[in-house]
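The values are calculated or read from the model by the stated rules, or taken from the named source; none is laboratory data. Being a predicted model, the structure only gives us computed values, none of them experimental. So basically every Cβ, Gly included, is an ideal-geometry build from the backbone, and we count neighbours across all protein chains shown. What goes into the accessible areas is simple: the full protein's heavy atoms, side chains included, and nothing from ligands, DNA or RNA. Shrake-Rupley method; radii C 1.70, N 1.55, O 1.52, S 1.80 Å.
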Amino acid sequence: MAPPGKETSAQQRPLRIALVAGEASGDLLGADLVRELKQRFPDAEFAGVGGPQMRAAGLQAWHDCSELAVMGLAEVLRHLPRLLRLRRGLRQRLLAWRPDVFIGIDAPDFNLGLERQLKQAGIRTVHYVSPSVWAWREGRAAKLGQSADRVLCLFPMEPPIYERHGVDARFVGHPLAETFAMEPDRHAARAPFGLDDATPVLALLPGSRLGEIQRLLPVFLEAARLVGERIPALRILVPAANDACRKAIDACVAKSPSANVRVVDGQAHQAMIASDVVLLASGTAALEAMLAKRPMVVGYRISALTYRLVMLLGLMKVNRYSLPNVLANEPIVPELMQGDCTREKLAAAVLHWFDHPEARATLLPRYQYIHAKLRRDGSASAAQAVAELLAGQ
């Protein structure tokens, strides 16, 4: 306790909140969280690692989140020395800054080790976006408690897993569930792209990481070409998450030219809503397509080395990969992974949705049910959970 008449340095300064996001989706989550925390703590200071969205929300970015955007065991190993140097420097800066709370947003390979070190130094820690403990080894849930004082979960099946291991975890809902209407307006979404209601449209979303684009977009484009042979009027939209993605996408499209392909900057949600079917990489995009109420085909490939390591070590514990199927607890959308992710199989799965409107219709009530469960005013709920931790609750 401070001597009578004196205050500690922590009492004399504004509240300090540190955040680290590792990719574009984390940047969006972090930006919404910063805005909600500012509502509760108007004088707080925010610093750490983020992208353009978090900077616009008020984060003082010491590094850009793109520096952390590495996926897969093989890819991480290749970038490991640089990532370790970045984390060491960040840890030192955080220990010197002494935030009142540190919030790691996703990026578990980077954030959990950093959180553990900060927690050991007496800094309160939050991990926002649970690692996929339902898909990988459940034992990770117990270890996560060594890093985070509180885990903020986006999905309702996650807190019970943590509870079994004595970890404080809260289901806060998914912020994306608030951004999509329960019945999106397809007609309005098509207008900016100059598309009428009768035009068949396929959206391609190969991911927001350059490695994903390079692995997936060529086969997605080939699949789209096969679909176009059956549906000559088909139009193809390919949203680019940022300038680097745009360059990588343009390079792939140039090698497989088609007058029917249109690359657009951003506008991923609008492109999904405007489409009839979405062909996408497994990940957040599958959740977005579900919230957009669109039929989808999920295709994914990781590097051959990463895949061999995952299989050899027995790390994958589920036979469903995409979030719509996990949340529905049944296979409502097709998943074509690794060796099954071929142009012929992808094209056949896409054509099935075009050819069977009754199958598309059965998806809507399932999508709406899941959407309603995920609506918890996610960013506000997350900010409240952080505020309660700061208050000792």
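Please work out which residue is nearest to Pro52 (Cα to Cα), limiting yourself to region 240-263 and to residues that are open to solvent by 60 Å² or more (accessible area, probe 1.4 Å) and in contact (Cβ under 8 Å) with a residue 40 or more places away in the chain. Result: Asn242. Contact map, region 203-221: residues that are of a type in the set (Asp, Glu) paired with residues that are surrounded by 21 or more Cβ atoms within 10 Å (Cβ to Cβ), Cβ distance under 7 Å, separation 6+ or inter-chain. Pairs shown: Glu212/Pro206; Glu212/Ala281. Here Pro331 clears all of (1) surrounded by fewer than 19 Cβ atoms within 10 Å (Cβ to Cβ); (2) modelled with pLDDT under 90 except the condition numbered (2). Close contacts from region 366-378, counting a first residue that is on the phi < 0 side of the Ramachandran plot and a second that is β-branched (Val, Ile, Thr) and open to solvent by less than 90 Å² (accessible area, probe 1.4 Å), with Cβ to Cβ under 8 Å and a gap of 6+ residues or different chains, come to Arg366/Ile332; Arg376/Val172; Gly378/Val172. Here the condition is being modelled with pLDDT of 90 or more and open to solvent by 40 Å² or more (accessible area, probe 1.4 Å); of Ala348, Ala380, Ala387, it holds for Ala348 alone. Residues that are modelled with pLDDT under 95, surrounded by fewer than 13 Cβ atoms within 10 Å (Cβ to Cβ) and closer than 30 Å to Met182 by Cβ do not occur anywhere in region 284-295. In region 79-133, the qualifying residues are those that are within 26 Å of Pro156 (Cα to Cα), charged (D, E, K, R) and not in a helix (DSSP H, G or I), and the one that is modelled with the lowest pLDDT is Asp106. Evaluate the following for Arg320: is it modelled with pLDDT of 85 or more and either under 24 Å from Pro239 (Cβ atoms) or surrounded by 15 or more Cβ atoms within 10 Å (Cβ to Cβ) (or both)? In short, no.
Against the list (1) surrounded by fewer than 23 Cβ atoms within 10 Å (Cβ to Cβ); (2) of a type outside the set (Gly, Ala, Ser); (3) in a loop (DSSP other than H, G, I, E, B), the condition Arg190 fails is (3). Pro159 falls short on exactly one of the conditions (1) buried (at least 22 other Cβ atoms within 10 Å of the Cβ); (2) in contact with a Cys (Cβ under 7 Å, 6 or more places away or on another chain), and that condition is (1). Suppose the filter is over 16 Å from Leu374 (Cα atoms), open to solvent by 10 Å² or more (accessible area, probe 1.4 Å) and of a type in the set (Ser, Thr, Tyr); does Ser147 pass it? So Ser147 fails the test. Restricting attention to region 205-230, which residues are crowded, with 18+ Cβ neighbours inside 10 Å and either hydroxyl-bearing (Ser, Thr, Tyr) or over 24 Å from Cys65 (Cα atoms) (or both)? Across region 205-230, the qualifying residues are Ser208, Val219, Phe220, Leu221, Ala223, Ala224, Val227, Gly228.
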